[in-house]
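The values are calculated or read from the model by the stated rules, or taken from the named source; none is laboratory data. Remember, predicted model here, so these are calculated numbers, not experimental data. Cβ: placed from backbone, ideal geometry, glycine included. Neighbour counts: every protein chain shown.
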Amino acid sequence: MAKVEASINESTKILYCESVSNPLLEVADIIALGKLAKKYDLALVVDNTFSPLQISPAQLGADVVIHSLTKFINGTSDTVGGVICGSNEFVDSLRNVNDGASMLLGPVMDSLRSASVLKNLRTLHIRMKKHSDNALYLAKRFEEDGYKVMYPGLPSHPQHELYNSIHNPEYGYGGLLTLDAGSLEKADDLMELMQESNLGYLAVSLGFYKTLFNAPGTATSSEIPEDEQKQMGLTAGLIRFSIGLDNHIERTYKEMKRCMEKINIKKVTPVKI
């Protein structure tokens, strides 16, 4: 937090963060950031795409909350959209006919897509619980097996206690986890085998009812220079999993483990949970 405060200058207007970062799953201290924003009369904007319902940024000090509707909220990978949540005054300013950004830039969904998102939103609470339950199960089993896995619900996660202090326990720790395969070649081989085994799809999106996986270093985060990727801890073999709604998650685990053993994914020292 000291580094954030040290970066604030006379040109700073907002503080921006993700509740849970992409792709390293780092957890933001939203409460502390909210206090810092108020101290300097700034607006705190929080992207909560990875953790709808799990985290409620508006209740923790955020002034504006944004979501990619394309992901968990819609949940069926058939609509592209986003949402900006804020006070009535702020939203009204966005759609002001003279200078509102939403009015001038035209980011308005058509009625069919809007109705589709609204329909799927009604099952979000059920889906997020299942995404979280499945992800926690897999993360625990993978860690017990000795694989290098990162998930906010594991005590080994650096911000596990921070997450516990800001999340809504009913909805768990989210549907995203990462696993380090050791190299990009191993990661690609594993993802291709998992796709062939009908465990999910090699795709850059998330929040689908099927499990999705990709290597962010060469996909969703490929715009980050390699030296910066190394500095931030984004290894070439890192796989980001968006865990689906599998009903028999133990069967999914066994099949994923078979794939990992076949590809000979490198293990680290097992951690007892």
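Computed values, structure above
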item	result
Pair list, Cβ < 6 Å and 6+ apart or interchain, from region 190-210 residues that are among the β-branched types (Val, Ile, Thr) to residues that are surrounded by fewer than 20 Cβ atoms within 10 Å (Cβ to Cβ)	Val204/Ala219; Val204/Thr220
Residue that is under 23 Å from Pro57 (Cα atoms) and of a type outside the set (A, V, I, L, M, F, W, C), where the choices are Tyr137, Tyr163, Tyr147	Tyr163
Among (1) surrounded by 14 or more Cβ atoms within 10 Å (Cβ to Cβ); (2) within 18 Å of the chain's Cα centre (by Cα); (3) of a type outside the set (Lys, Arg), the one test that Met256 misses	(2)
Meets criteria (part of a loop (DSSP other than H, G, I, E, B) and in contact with a Ser or Thr (Cβ under 7 Å, 6 or more places away or on another chain)) for Val46	no
Members of region 37-59 that are surrounded by 20 or more Cβ atoms within 10 Å (Cβ to Cβ) and in contact with a helix residue (DSSP H, G or I) (Cβ under 7 Å, 6 or more places away or on another chain)	Leu44, Val46, Asn48, Pro52, Leu53, Gln54, Ile55, Pro57
For His160: the one exception among (1) within 16 Å of the chain's Cα centre (by Cα); (2) within 30 Å of Thr79 (Cβ to Cβ)	(2)
Some residue of region 17-30 being touching a Cys at 6+ places or on another chain (Cβ under 8 Å), crowded, with 16+ Cβ neighbours inside 10 Å and more than 25 Å from Ser242 (Cβ to Cβ)	no
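Results for (1) at negative phi; (2) within 16 Å of the chain's Cα centre (by Cα); (3) small (Gly, Ala, Ser); (4) part of a loop (DSSP other than H, G, I, E, B), shown as yes or no for each residue.
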| site | (1), (2), (3), (4) |
| --- | --- |
| Met103 | yes, no, no, no |
| Val108 | yes, no, no, yes |
| Asn134 | yes, yes, no, no |
| Glu143 | yes, no, no, no |
| Leu177 | yes, yes, no, no |
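To keep it simple, each residue is scored yes or no on (1) modelled with pLDDT of 95 or more; (2) outside the structural domain of Ala28 (by TED's automatic domain parsing); (3) outside any loop (DSSP other than H, G, I, E, B).
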position	(1), (2), (3)
Tyr163	yes, yes, yes
Glu170	yes, yes, yes
Gly182	no, yes, no
Lys186	yes, yes, yes
Val204	no, yes, no
Gly207	yes, yes, no
Phe213	yes, yes, yes
Glu228	no, yes, yes
Gln231	no, yes, yes
